[in-house]
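Undergrad: Below you'll find the structure I mean.
Nothing in this text is a laboratory measurement; each read-out follows from the coordinates by a stated rule. Here the structure is a predicted model, which is why all the values come from computation and not from measurement. Every residue, glycine as well, gets a Cβ built from its backbone with ideal geometry; the counts of neighbours run over all protein chains shown.
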Amino acid sequence: MRRRWWWLCLLSLACPSSAKKTSDGGPRVPNARLEPLEPVRVEEDDGGTEAFFKIVVLRPVGPPQPPDVVTVKVDGEAHLWDGVAKRVLLVPNDETYLAQASALLAALDDAGADVWLKHPDANIAFGLKLRDEPGFQGWLDEAVAGKLRVIHRADGFELQTNLGKLPGPDKNGPTVPVRGGKMDLSTLQRGLQKISGRFKGAPDLCFVPSFGMALNDTARALAANFIDPVTAYFPTTCFVYPRPREAVTDAGR
């Protein structure tokens with residue numbers, strides 16, 4: 001499973017040539033270089049304290065929790081989804097990681113369920129378009145200008161577009177590195193704003209968390225896409241998960 005997931009992560013770094021055309025068959029996206037993303041900084045105090053490693057805390061905003069949903073608490077691999085409910089609000093605890101929730105996500109995806117992920121610190125929730133490895137590849141192959149995938153790793157966020165990676169302070173590091181041991185969500189929001197302004201009308205973005213990322217940490221990052229409770233830089237959020245390998249039967253299939 002780990003090998004398959006790392007393949008998916010590597011795939012997410014690729015920049016398919018088919019994505020260089022607009023959805024209506026229009027001109028190709030100009031091959032212009034994306035300027036490096038400057039981090040959002042706090043002002044230095046009177047004592048001249050180094051401010052680079054201090055992040056500006058992002059106040060989470062987003063859509064309110066939807067009505068008429070079934071709340072499904074998730075604790076590692078344990079959950080209480082009955083397999084029937086088709087409008088589901090996922091509420092993971094802080095110790096639930098993507099790898100543990102992958103079987104549940106695959107089942108919800110196969111059932112065609114409408115899925116929301118609750119923010120752990122606010123009364124808001126984010127609608128997710130679930131995509132497994134083949135679904136993500138299909139998304140990458142769509143001929144739409146402005147494809148953006150946000151790769152969420154322990155060292156920060158990497159923002160990949162049709163034009164390649166949006167560079168950060170270190171061209172060899174993530175676009176939005178961890179600062180002071182914390183995820184820099186304010187700078188992530190600045191990056192989403194910058195890319196959405198460059199590719200006006202891009203309909204969606206994909207979040208690609210690493211295998212061991214806590215679901216609640218990704219939920220916190222999803223808030224960076226929202227300007228207010230009803231307005232987002234990218235209207236639709238896809239969420240890429242690793243589909244568990246099917247069990248091998250006695251017939252060897």
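Undergrad: If you take the square roots of the eigenvalues of the alpha-carbon gyration tensor of region 155-253 and sort them as a ≥ b ≥ c, do you get rounded (a/c under 1.5), prolate (a/b over b/c) or oblate?
TA: Details: a/c = 1.96, a/b = 1.62, b/c = 1.21.
It is prolate, given that a/c is not under 1.5 and a/b is the larger ratio.
Undergrad: Ranked highest first by the average count of other Cβ atoms within 10 Å around their residues, in what order do 135-147, 69-81 fall? Kindly include the intermediate steps, with their values, before the conclusion.
TA: On the way: 135-147: 18.0, 69-81: 15.4.
Per-residue mean Cβ counts within 10 Å order the peptides as 135-147, 69-81.
Undergrad: Roughly what % of DSSP beta bridges within region 83-177 run antiparallel, to the nearest 5? Numbers along the way, then the final one.
TA: Working: 13 of 17 bridges.
That works out to approximately 75 percent antiparallel.
Undergrad: Among the lysines, select those whose C-alpha is under 26 Å from the C-alpha of residue 165, and discard any that sit fewer than 8 residues away in the same chain.
TA: Candidates past the 8-residue exclusion: 20, 21, 54, 129, 147, 182, 194, 200.
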